[in-house]
Ligand SMILES: [Zn+2]
Ligand SMILES: [Zn+2]
């Protein structure tokens, strides 16, 4: 059974030649979901061999440009390639207005239905989608605009326990959503800054590497994947070091990284500040540049 995420963009607001803006494709036993759609996502889909028309369900965390400016381009290209099947887009309120305006003023006629599901809830974990492969739900984050984290749970088959994956970006430090991600096998958190920029991170409602690691430990996550890396870090090694010191099973996202959601149920959760042997490996669940299609 396959459950993995392919990172298309691991950068923060300012894309670089090596890190594009936020986007990733999650594959749960063959069912695909696009999480965020930063600028250039459609090109990244091609680079990392994900079929354009395989994207039927899109989940946008929030309406900052680095998380959805790729959406009109992706939708237009799906149309140009002859798409007829509908696309479901889950996003904070405002997405339909933004998209309709862009498509209207650009004279774009889209030959398939775009179904918008606008999120307005602020409490609890809201179920959004359920099929024979997975369940997806959303919960509020703490950012400068309404933002949502997504929890993707595999539907358990046979005797295997169901694996769980959570994606939270962007958010400042809050423990409000911990109950919804408790014990996830893989937790993907934004990590825009290192500890040296803690005041800026707090002001802009972003996480630093130590704060991301602290959340992972408090959530008793199996493994942590850091993404949304500020363009100021040409080498993200210091961020990985800062996080690994507090949460050993940590890996750093990179564009093209394929990260499996592994079973971690039987692994005791590392405590904050505990330096375990796995720190050196930086988390072994991820292989860069693997072919996934
Ligand atoms: Zn962002
Ligand atoms: Zn943001």
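Scanning the range 20-33 for residues that are on the phi < 0 side of the Ramachandran plot and more than 16 Å from ligand 1 (Cβ to nearest atom) yields 25, 26, 27, 28, 31, 32, 33. Report, by residue number, each residue of the range 143-164 that is touching a residue at least 40 places away in the same chain (Cβ under 8 Å) and crowded, with 16+ Cβ neighbours inside 10 Å. Matches in the range 143-164: 143, 146, 147, 148, 149, 150, 152, 154, 163, 164. Please go through the range 53-95 and pick out each residue that is in contact with a helix residue (DSSP H, G or I) (Cβ under 6 Å, 6 or more places away or on another chain) and within 16 Å of ligand 2 (Cβ to nearest atom). Result: 60, 61, 70.
A quick yes/no check of all residues on (1) touching a strand residue (DSSP E or B) at 6+ places or on another chain (Cβ under 7 Å); (2) free of Cβ contacts under 8 Å to residues at least 12 places away in the same chain; (3) over 26 Å from residue 5 (Cβ atoms); (4) away from ligand 1 (no atom under 16 Å from the Cβ):
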site	(1), (2), (3), (4)
81	no, no, no, yes
95	yes, no, no, no
103	no, no, yes, yes
109	no, no, yes, yes
113	no, no, yes, yes
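Residues that are within 16 Å of ligand 2 (Cβ to nearest atom), crowded, with 22+ Cβ neighbours inside 10 Å and either assigned to a strand (DSSP E or B) or over 17 Å from the mean Cα position of the chain (by Cα) (or both) occur at least once in the range 171-188. Return yes or no: is residue 136 away from ligand 2 (no atom under 16 Å from the Cβ) and part of a strand (DSSP E or B)? Judged against the criteria, residue 136 is a match.
To keep it simple, each residue is scored yes or no on (1) free of Cβ contacts under 8 Å to residues at least 24 places away in the same chain; (2) under 23 Å from residue 165 (Cα atoms); (3) within 16 Å of ligand 1 (Cβ to nearest atom).
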position	(1), (2), (3)
2	no, yes, no
13	no, no, yes
18	no, no, no
38	no, yes, yes
42	no, no, no
46	yes, no, no
50	no, yes, no
62	no, yes, yes
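For the range 140-162, filtering for residues that are under 17 Å from the mean Cα position of the chain (by Cα) and either at pLDDT below 95 or under 17 Å from residue 34 (Cα atoms) (or both) leaves 8.
The set of residues in the range 40-62 that are crowded, with 18+ Cβ neighbours inside 10 Å and touching a strand residue (DSSP E or B) at 6+ places or on another chain (Cβ under 6 Å) comprises 41, 44, 48, 50, 55, 57, 58, 59, 60, 61, 62. Are any of the residues in the range 222-236 in a helix (DSSP H, G or I) and either closer than 15 Å to residue 150 by Cβ or in contact with a strand residue (DSSP E or B) (Cβ under 9 Å, 6 or more places away or on another chain) (or both)? There is no residue in the range 222-236 that is in a helix (DSSP H, G or I) and either closer than 15 Å to residue 150 by Cβ or in contact with a strand residue (DSSP E or B) (Cβ under 9 Å, 6 or more places away or on another chain) (or both). Within the range 139-166, being more than 19 Å from residue 30 (Cα to Cα), assigned to a strand (DSSP E or B) and out of contact with any helix residue (DSSP H, G or I) (no Cβ under 9 Å at 6 or more places or on another chain) holds for 140, 148. When residue 152 is tested against (1) closer than 24 Å to residue 93 by Cβ; (2) within 16 Å of ligand 1 (Cβ to nearest atom), exactly one condition is not met: (2). The criterion of at least 1 residues that are over 15 Å from the mean Cα position of the chain (by Cα) is met by the following strands (runs of 3 or more DSSP E) wholly inside the range 1-102: 31-37, 87-92.
The values are calculated or read from the model by the stated rules, or taken from the named source; none is laboratory data. Just so it is clear, the structure is predicted and the values come from calculations on it, not from any experiment. Glycine also receives a Cβ, built like all others from the backbone with ideal geometry; neighbour counts cover every protein chain displayed.
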